[in-house]
Amino acid sequence: KALLAQRCGKKIITMTLLTLGLAQIKTKLGDVQANLDKHLAYIDQAAAQGAQLLCFPELSLTGYVLQDLAPTVAHRPTADDPVFAKLLEASRKLDVMVGFVDEDSRHRFYIAAAYLSKGQVLHVHHKVYLPTYGMFDEGRFFAWGDSIRAFDTPWGRVGMLICEDFWHASPPYLLWLDGADILLMQSASPGRGLDDGEQLGSARWVEHVSRAYASLFTDFVAHTNRAGFEDGLNFWGGSIVFDPDGEPVAHSPYFDEALTLATLDLNQLHRTRARLPILRDERTSLVMREMERIVGKP
């Protein structure tokens, strides 16, 4: 599972295979302790099956339709927090991405994702786009995130996005430019609409978007969605992983809880990008210039 490389007289171990787990769980609204217990059980199960990274859905520690409950279920991703202390200890077995409500020092509350590795918090992403259309009303209860950053992990450079974030083209594009070769996307996506009476419209669109990003950015894209019912909403599951060619690597069942494992051959980044040098040919200076023109800056 490792390639021994020699550079500048130093031995560098580059991991070439990653066993990625998708923890497609049902959550209990507002019951952080019950959800934490389920996280720890899934981490143990995934570690026993050889997973090296396990991804949970959006707001996996709290449930989705929180509204005024948000301040009561918020936690800070630090070692002295009683919930994250246990998750950080569990992350010594394998890397973990969890969804939670983050509270900052000014007591603002964010829909957030944290990446934990070897007892450390490597990165926290605050959801940038909060939907306030249709059945969604997140903007009433949460603050907007204001940064999109990739970060380094044992498996290379990674970016995290939360649901509505990846319905906008700019966040995955920015992560790609910032060096992310693996996009981890989590959601609590309710089922909406039927296409030809066979597939949920929401499932079809999320899968199309995920596949498009994998193909356009020649990245690995993993999407983890939750399952179960909550406050009249039916979350459809269907978590999925695409490779840099836009081909599916693994797919979880619709609607039911599941732990799904996928083996990612990270050398495929080299093979695909040698054939499709899209990243090489991207004209970021042109993009910057035209964006300044569009928003009216000199």
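The values are calculated or read from the model by the stated rules, or taken from the named source; none is laboratory data. Just so it is clear, the model here is predicted, and its values are computed rather than measured. Cβ placement follows ideal geometry from the backbone for every residue including glycine, while neighbour counts extend to all protein chains displayed. With ligands, DNA and RNA removed, areas are computed over all heavy atoms of the protein, side chains included. Shrake-Rupley method; radii C 1.70, N 1.55, O 1.52, S 1.80 Å.
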Open item on the list: Could you work out the relative contact order of the chain? I mean the mean sequence separation of Cα pairs under 8 Å and 6+ apart, divided by the number of residues, in percent.
Closed with: 17
TODO: Please turn the phi angles of the stretch 85-98 into ³J(HN,Hα) values with the Karplus equation 6.51 cos²θ - 1.76 cosθ + 1.60 (θ = phi - 60°), one per residue in order, whole Hz, x for glycine and proline.
DONE: 4, 6, 5, 5, 5, 5, 5, 6, 7, 6, 5, 9, 10, 10
Task: Karplus-derived HN-Hα couplings along the stretch 217-234 (A = 6.51, B = -1.76, C = 1.60, θ = phi - 60°), whole Hz, x at Gly and Pro - done: 9, 6, 10, 7, 10, 10, 10, 10, 10, 8, 10, x, 10, 7, 6, x, 9, 10
- [ ] Pairs of Cα atoms under 8 Å, at least six residues apart: use those to get the relative contact order of the stretch 103-205, whole percent.
- [x] 19
TODO: Jot down the per residue volume, in cubic angstrom and as a whole number, of the convex hull over the alpha-carbon atoms of the chain.
DONE: 163
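Rounded to the nearest 20 debye, what is the charge dipole size of the stretch 98-224 about its Cα centre when +1 sits on each Lys and Arg Cβ and -1 on each Asp and Glu Cβ?
That gives the stretch 98-224 a dipole magnitude of about 240 debye.
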Task: Residue-wise HN-Hα coupling along the stretch 251-260, computed from phi with Karplus coefficients 6.51, -1.76, 1.60 (Hz; x: Gly, Pro) - done: 9, 7, x, 7, 6, 9, 4, 6, 10, 10
Open item on the list: Is the C-alpha gyration tensor of the stretch 64-178 telling us rounded, prolate or oblate? Criteria: a/c under 1.5 is rounded; beyond that, a/b larger than b/c is prolate, otherwise oblate.
Closed with: oblate
Open item on the list: Placing unit charges on C-beta atoms (Lys and Arg positive, Asp and Glu negative, everything else neutral), compute the dipole magnitude of the stretch 27-85 about its Cα centre in debye, rounded to 20.
Closed with: 100
- [ ] Would you work out what percent of the accessible area of the chain, with all protein chains in place, is carbon or sulfur (probe 1.4 Å)?
- [x] 53
TODO: At 0.36 nm per residue, minus the direct Cα-Cα distance, what do Thr16 and Met135 gain on full extension? Give it in nm, one decimal, please.
DONE: 38.6 nm
Open item on the list: Under the rule of at least 5 residues apart or a separate chain, name every residue whose amide H is placed under 5 Å from the amide H of Trp236.
Closed with: Ser189, Gly191
Open item on the list: At a 10 angstrom cut-off on C-beta neighbours, averaged per residue, how do the peptides 92-105, 55-68 rank from highest to lowest?
Closed with: 55-68, 92-105
- [ ] Considering the options Val96, Trp144, Leu259, tell which one lies farthest towards the positive end of the dipole of the chain, charges being +1 on Lys and Arg and -1 on Asp and Glu at the Cβ, about the Cα centre.
- [x] Val96
Task: Theoretical FRET efficiency, 1/(1+(r/R0)^6), r = Cβ-Cβ of Arg293 and Ala212, R0 35 Å, to 0.05 - done: 0.85
Task: Potential lengthening between Gln33 and Lys118 on full extension [0.36 nm per residue; Cα-Cα distance subtracted] - done: 28.4 nm
Open item on the list: Taking R0 as 25 Å, what FRET efficiency do you get between Lys86 and Asp256 from their Cβ-Cβ distance, rounded to the nearest 0.05?
Closed with: 0.45
- [ ] Quickly rank 18-26, 285-293 as a protection proxy: mean count of other C-beta atoms within 10 Å, highest first.
- [x] 18-26, 285-293
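Please give the charge dipole size of the chain, origin at the Cα centre, charges +1 on K and R Cβ atoms and -1 on D and E Cβ atoms. Round to the nearest 20 debye.
Rounded to the nearest 20 debye, it is 1160 debye.
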- [ ] Sort the following peptides by mean Cβ neighbour count (other Cβ atoms within 10 Å, averaged over residues), highest first: 32-43, 266-277.
- [x] 32-43, 266-277
TODO: Starting from the Cα of Asp152, step 7 Å along the direction of its Cβ; do the same at Arg280; then give the gap between the two resulting points in nm.
DONE: 2.5
TODO: Compute the length gained on full extension between Glu247 and His107: take 0.36 nm times their separation in residues and subtract their Cα-Cα distance, giving the result in nm to one decimal.
DONE: 46.2 nm
Open item on the list: Just to be sure I understand the model, the point goes 7 Å from the Cα along the line to the Cβ. What's the resulting Asp265 to Ala169 distance in nm?
Closed with: 3.1
- [ ] Using the heavy atoms of the protein chains and a 1.4 angstrom probe, tell me the accessible area per residue for the stretch 173-298 in square angstrom.
- [x] 49
